[in-house]
Structure formats: structure tokens, C-alpha cells
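*Asks:* Pasting a structure here, questions to come.
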Amino acid sequence: MLGAAALTCQAVMRSGAGLVTLGIPQSLNIAAQKKISSVIMTLPLPQTKDQTLSLKAYTTLKKVLHRYDAIALGPGLSRNPSTQKLILKIIAACNVPLVIDADALNALAAKPMLLKKQNNIKILTPHSREMGRLVGKPIPSIDASRQHVAQEFAKTFGCILMLKGHRTVVASGKKAYINTTGNVGMATAGSGDVLTGIIAAFLAQKLDGFTAAKLACFLHGKAGDMAAKEKGTVSLIATDIIEKLSQAIKNY
């Protein structure tokens, strides 16, 4: 899903990162370059027959992962078995700050203990359904005790857990932040991909994991509120949030 990747990359750039590279299946490279901004680089990688990233891409990635200040993993990657194996391999080996979202969360649900393999910052951004997969619980159980679920998971696996939804919870295991910005219009395709990009940008600027996550959540909601004031909640789309990011950051 190139749209998800494009939204994440654009949000990273708009949130202060100096340089962004998108890992892309090699046959989709030209299409990706047309969809994303001209200020974003691409890294063509081996692909599956379904035009998703292949496990073979790890041979290239293991040589370059250490060059990046932060990595966003998940948006648009798919649930192709080879791609899911690649995701798990990256999580197990990556030692730079990592944001784990979307299809990377789906892969991780099978092997959450991989979160303990490296001592790097790891920020997970599930919504209730994805959280349910991670902990093996039904959605009503997650929603009934959101802060407790988030803090327990963060404590158990040594990560930052951002449980998205109304009053998003950001938990480190020791402390929690409840976000109050945002609106119903932000429940739109791509909004989470934008949030992932903001978090990655703040990690790349050397904020600690908890600060990067809660500040990204706050500013993502602020930008969404500014966009809703102008567009209304019914017509709000993810690119509207990106367009308001600079103003939200400047005001903050």
C-alpha cells in the first residue's frame, strides 16, 4: 500500500527530519517516487511475486540499518508470509530506535518476545484490535482497562506502548500519558501512518522514547484539530493533518 508509506514519509519530513529514505519493492520504485514528495529518497529492495518486500531484502537491509537515526516499520507492508518474516528479522536485529505499527504489529503478535532481543528504543502504536492480537484478549477487554493493558505490556516487554483511540494512552511501564487532543474526524484512512511518521521524526531528533511518543501524539491531535476547524470532521483526511503539522509544531 504505497499510500500508507507516502503518508508516513511526508509526516517524517514535515516533523523535522533532515533526510528520509523509503524501503520499497523494486518494481514499485518509480510509482513510489511519483506518489511521495521529491524530497524523499527511495531504496529499491527484493520483492515477492505479490510485489511486497521479500525476506531476501534483509541481505541489503542488515548492511544499512545502522546508518539511520530511527526506523518506522509497518505502514503498507502487507501480511505476505515472506514480508512478515522480514519484519520479525528486522525487529530482532535492529539496534536503532524503532517505531512498530500496522503490519509490523501483526507480525509481532506471533513472537512478542522478540522485543527483548535488542536494547533499543521501541515504540508500538496499536489500536484496540491490534492490541488484542498482541496480548490474546478480546477488544472489549482491552477497552475496559486501556491504561492498565498498555502499562503492563510496556513493563513486560521493555517498550513504549501507545494504545490509540479516544484518549490515546502512552505508557512506559513506569508512567503513562493520556492524550486530550484530536477529534472524531481523525478516524480516517492514513491518520495512523501520519502519527508513525511524527514519532519517527522525533526519535531521529534524539528525544527519548516516552517524550517522542507523547509529544507526537499531542501534536498529531493538535494538527487534526486545526484541520477539522477548517475542513470539518466529516471531510477530514490524513493529508489535511500533514498540512497542519508545521503550524502545530510552530505554535507548540
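*Asks:* So, in the range 11-44, exactly how many residues are in contact with a Gly (Cβ under 7 Å, 6 or more places away or on another chain) and surrounded by 20 or more Cβ atoms within 10 Å (Cβ to Cβ)?
*Replies:* 3
*Asks:* Shifting gears a bit: Being within 20 Å of the chain's Cα centre (by Cα) and modelled with pLDDT of 95 or more narrows it down to one residue among 61, 55; which is it?
*Replies:* 61
*Asks:* State which residue is nearest to residue 118 (Cα to Cα) when the search covers only the range 157-177 and only residues that are in a strand (DSSP E or B) and within 14 Å of the chain's Cα centre (by Cα).
*Replies:* 160
*Asks:* Considering each of 209, 190, 197 in turn, give the residue that is over 15 Å from residue 6 (Cβ atoms), in contact (Cβ under 8 Å) with a residue 40 or more places away in the chain and not aromatic (Phe, Trp, Tyr).
*Replies:* It is 209.
*Asks:* Cβ-Cβ under 7 Å, sequence separation 6+ or interchain: first residue in the range 230-242 and closer than 14 Å to residue 182 by Cα, partner part of a helix (DSSP H, G or I) and among the basic types (Lys, Arg). Which pairs?
*Replies:* Pairs found: 240/231; 242/14.
*Asks:* Moving on to the next point. Within the range 116-130, count every residue that is under 30 Å from residue 66 (Cβ atoms), free of Cβ contacts under 8 Å to residues at least 40 places away in the same chain and in a helix (DSSP H, G or I).
*Replies:* The total comes to 1.
*Asks:* Out of the residues in the range 179-198 meeting the condition of being β-branched (Val, Ile, Thr) and not in a helix (DSSP H, G or I), tell me which one is farthest from residue 231 (Cα to Cα).
*Replies:* 180
The values are calculated or read from the model by the stated rules, or taken from the named source; none is laboratory data. Keep in mind it's a predicted model, so treat the numbers as computed, not measured. When we count neighbours, we look across all protein chains shown, and the Cβ atoms used for this are built from the backbone with ideal geometry, even at glycine.
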